[in-house]
Amino acid sequence: MRRVVITGLGALTPIGNDIQSYKENLFNGVSGAGPITKFDASEFRTKFACEVKDFNVEEFIHRREARRMDPFSQYAMVAVEQAMNQANFDLEKLNLDKAGVIWGSGIGGFETIEENISDAALRSGPPKYSPFFIPKLIADIAPGHISIKYGFRGINYATVSACASSSHAIANATDYIKLGKADVMIVGGSEAAVTKSGIGGFSSMKALSENNDDPQTASRPFDKDRNGFVLGEGAGALILEELEHAKNRGAHIIAEVSGSGMTADAYHITAPHPEGLGARNVMLLALQDAGLNKEDVDYINVHGTSTPLGDIAEVKAIQSVFGSSIYDLNISSTKSMTGHLLGAAGAIEAIACVLAIENQVIPPTINHFTDDPSFDNKINFTFNAAQERKVKSVLCNTFGFGGHNSSVVLSKYE
């Protein structure tokens, strides 16, 4: 069986605009939440988010090209450039017909949709739309832009499964490489939903925290007083490569993607199965695909959105899979720092897992103040401070509206 390794990483997140700054802030427990600056949020119930900071797209993309991209595509291009630089390909020697892109986004060009519909509605006479309206908003345009830039002529499409989108991208690309249909894949996800419609829509669902007085501590997974997620934005990119292909070109191998699972709750459009049935099944499938036993897992980067129902369902699922072995695990939700990046969550959290393996450090779940009696207090949720430990294999869980579940196993390359 062909093995799949990671040879490049790129990140543009609310806690760092590159891998190094993301890593430092991740391990130091820095919150990326703050008052919204992208628009006037004073009339909204939630007035804060985890925004990308100090980002000037023209430092990375020519102004003319940037104007033809929604921010979710801009974020994608920046994260991918970082990952490609680390992977250090000689594109002239690469078989571009077996190099592809699978990119996840739960929503796509939210800002573009909002701007064009608002402009059209305000105009007198016939509505007028930008000729770039459709090409900027469609979710598959990001992998299109990526493939055009690097000349990758292989598999190319977008995964759209809400918050599981980029995790599905990683899982699908891994399978294609294992099957011999690709040698190299750019994977990941991006989201730019910190807009009026994004905040307004999620707020109307009562999905967002309304802790406006202290936004930096609003994302508090597993805490008794958690009251909703914090919306985030950004992108994460990984370069996946067939092992022998990477070795033959002398690439630095960072980690291995050793398995994945995909399931559906088949229960409710937004609420998780109350016993975590789909989450349980997806972890079991991922472990089976990786050829691992439950005792082989050192760390789980959980979906952990800081919602009352979601956190409980996921822990029930983990308890069902791991039994008493759960006490040997570290568990953490890095959404406590980055917020919830929707379709990009799986990618930046997979990168957090890779960094945990690479540095033998577990990133924390920050903002824990009050124990929730719903959870076994002997479980190690890695509250408030990073922990050093031996990390060989990890699970990365992502679940999306519609009942979509994905779990990816990442391992130390040996």
(request) Look through Cys396, Cys353 and report the one residue that is out of contact with any helix residue (DSSP H, G or I) (no Cβ under 7 Å at 6 or more places or on another chain) and open to solvent by less than 10 Å² (accessible area, probe 1.4 Å). (result) Cys353
(request) Please go through segment 24-36 and pick out each residue that is in contact (Cβ under 8 Å) with a residue 12 or more places away in the chain, open to solvent by 60 Å² or more (accessible area, probe 1.4 Å) and not in a loop (DSSP other than H, G, I, E, B). (result) Pro35
(request) Kindly establish whether Ser21 is among the polar types (S, T, N, Q), open to solvent by less than 10 Å² (accessible area, probe 1.4 Å) and either part of a helix (DSSP H, G or I) or in contact (Cβ under 8 Å) with a residue 60 or more places away in the chain (or both). (result) no
(request) Give, as residue ranges, the helices (runs of 4 or more DSSP H) completely inside segment 185-298 that count at least 1 residues that are in contact (Cβ under 8 Å) with a residue 40 or more places away in the chain, surrounded by 24 or more Cβ atoms within 10 Å (Cβ to Cβ) and of a type in the set (D, E, K, R). (result) none
(request) Give the residues of segment 45-54 that are of a type in the set (A, V, I, L, M, F, W, C) and in a loop (DSSP other than H, G, I, E, B), sorted by residue number. (result) Val52
(request) State all residues of segment 37-56 that are of a type outside the set (Phe, Trp, Tyr) and buried (at least 21 other Cβ atoms within 10 Å of the Cβ); if no residue qualifies, say none. (result) Thr46, Ala49, Cys50, Glu51, Val52
(request) Report, ordered by the first and then the second residue, all pairs with beta carbons closer than 7 Å, sequence separation of six or more or different chains, a first member in segment 167-182 that is open to solvent by 40 Å² or more (accessible area, probe 1.4 Å), and a second member that is not polar (S, T, N, Q). (result) Tyr176/Ile155; Tyr176/Ala182; Tyr176/Met185; Lys181/Ile155
(message) So in segment 359-386, with the set limited to residues that are among the hydrophobic types (A, V, I, L, M, F, W, C) and not in a loop (DSSP other than H, G, I, E, B), which one is nearest to Ile312 (Cα to Cα)?
(response) Phe383
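Going by what's in this entry, would Asp298 be described as among the charged types (D, E, K, R) and out of contact with any Phe, Trp or Tyr (no Cβ under 9 Å at 6 or more places or on another chain)?
yes
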(request) Considering only segment 124-152, state which residues are in contact with a helix residue (DSSP H, G or I) (Cβ under 8 Å, 6 or more places away or on another chain) and of a type in the set (Val, Ile, Thr). (result) Ile141, Ile146
(message) Exactly one condition in (1) open to solvent by 30 Å² or more (accessible area, probe 1.4 Å); (2) closer than 30 Å to Arg2 by Cα; (3) not in a loop (DSSP other than H, G, I, E, B) is false for Ser320; which is it?
(response) (2)
(message) It is to be established whether one or more residues within segment 355-364 are over 16 Å from Tyr22 (Cα atoms) and touching a Phe, Trp or Tyr at 6+ places or on another chain (Cβ under 8 Å).
(response) no
(request) Look at Glu414 and say whether it is crowded, with 17+ Cβ neighbours inside 10 Å and either modelled with pLDDT under 95 or within 18 Å of Glu24 (Cβ to Cβ) (or both). (result) no
(request) Scan segment 60-83 and give yes if some residue there is more than 27 Å from Ile134 (Cβ to Cβ) and surrounded by 18 or more Cβ atoms within 10 Å (Cβ to Cβ), otherwise no. (result) yes
(request) Answer yes or no: is there a residue in segment 378-387 that is within 24 Å of Thr270 (Cβ to Cβ) and either modelled with pLDDT of 95 or more or among the β-branched types (Val, Ile, Thr) (or both). (result) no
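The values are calculated or read from the model by the stated rules, or taken from the named source; none is laboratory data. In this text, all values refer to a predicted model and were calculated from it rather than measured experimentally. In this analysis, Cβ positions are derived from the backbone assuming ideal geometry, glycine residues included, and neighbour counts consider all displayed protein chains. Accessible surface areas use protein heavy atoms only, side chains included; no ligands, DNA or RNA. Shrake-Rupley method; radii C 1.70, N 1.55, O 1.52, S 1.80 Å.
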